[in-house]
Amino acid sequence: MRTPEEEKTIAAYDAIAEEWVRTHDTPDYWAAELDHFQELLPHGRVLEIGVGGGRDALQLLARGYQYVGIEPSERLLVIARERLPTASLLKQDVYTLSFPEGTLFDGFWASAVLLHIPRERIAEALKSIREWVRPGGVGFISLKKGGGEYVGDRSESLADDKRLLVLYTLDEFRQVLVENGFGILLAYEKKVSERTTWLVFFVRNDVA
């Protein structure tokens, strides 16, 4: 079950889906990170947590991965399916991942999605992801640098923005990952504007 803030976040994405996809349609946004991800995982089965409008899905598919993506926003999923009619795109959230018995992914991609998870539920979300990734599997995670937990992204100008934003420091989220069974392969800050600095993590599932 989602918290009221999480429900509002999904409803907000449904409301702003077209505008959000248009303003975030930058195919090379994570180009360097995609390159590093492929160095760590040259090929295999990849799960994307939070497909959005399909921007990163296009890049992952182009690199030859066996791709599955999940997205809880109905409107974003419609847009992604229009762009990627043959891709495996499922309406799920991170807490209720469900795949055929025996499914294990070699890696996962979670860009700007865990920042919508309440602090008190982040361990639950990470445990859910880890259960579907093989031991030693790798992942990419990006979150925004900062502090606090609030509704409404102060760095954006989207109308009626009711999304939950949970911000961390690099060391703070590094500790969260380690406590929840992930090894840190690489962690750094990536400043993209005066108002936005990403925390970037490449991780390994260290729990058998």
| query | When DSSP beta bridges are limited to those with both residues in the chain, what percentage is antiparallel, rounded to the nearest 5? | reply | 50
| What spacing in nm lies between the two simple spin-label points modelled at GLU124 and ARG2, each 7 Å away from Cα in the Cβ direction? | 1.3
| remark: the chain: relative contact order from alpha carbon pairs under 8 Å, six or more residues apart, as a whole percent, is 20
| request: Select from LEU177, SER98, GLY148 the residue farthest towards the positive end of the dipole of the stretch 4-205; place +1 on Cβ of Lys and Arg, -1 on Cβ of Asp and Glu, and compute about the Cα centre. | output: LEU177
| Separation of alpha-carbon centers, the stretch 98-118 and the stretch 43-57, rounded to whole Å | 9
| field | Sequence-distant aspartates and glutamates (8 or more away, or on other chains) whose Cα lies within less than 17 Å of LYS190 | value | ASP28, GLU33, ASP35, ASP171, GLU172
| request: Name the lysines eligible as straight-distance cross-link partners of LYS91: C-alpha to C-alpha under 24 Å, and not fewer than 8 places from it in the same chain. | output: LYS8, LYS127, LYS162
| said: Using only DSSP helix segments of four residues or longer, with each worth -39500 (n - 2.57), what per-residue ellipticity at 222 nm results for the chain after dividing by its residue count and rounding to 500? | reply: -10000 deg cm²/dmol
| Given labels modelled 7 Å from the Cα in the Cβ direction, how far is it in nm from HIS43 to ALA11? | 4.7
| field | Gain in span if fully extended, GLU179 to ASP206, counting 0.36 nm per residue against the direct Cα distance | value | 8.6 nm
| request: State, to one decimal in nm, how far the label point of LYS91 lies from the label point of HIS24, with both points 7 Å from Cα in the Cβ direction. | output: 1.9
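Readers should treat all values here as calculations from the given coordinates under stated rules, not as data from a laboratory. Since we're looking at a predicted model, the values are computed, not measured. Heads up, the Cβs are rebuilt from the backbone with ideal geometry, glycines too, and the neighbour counts pull from every protein chain shown.
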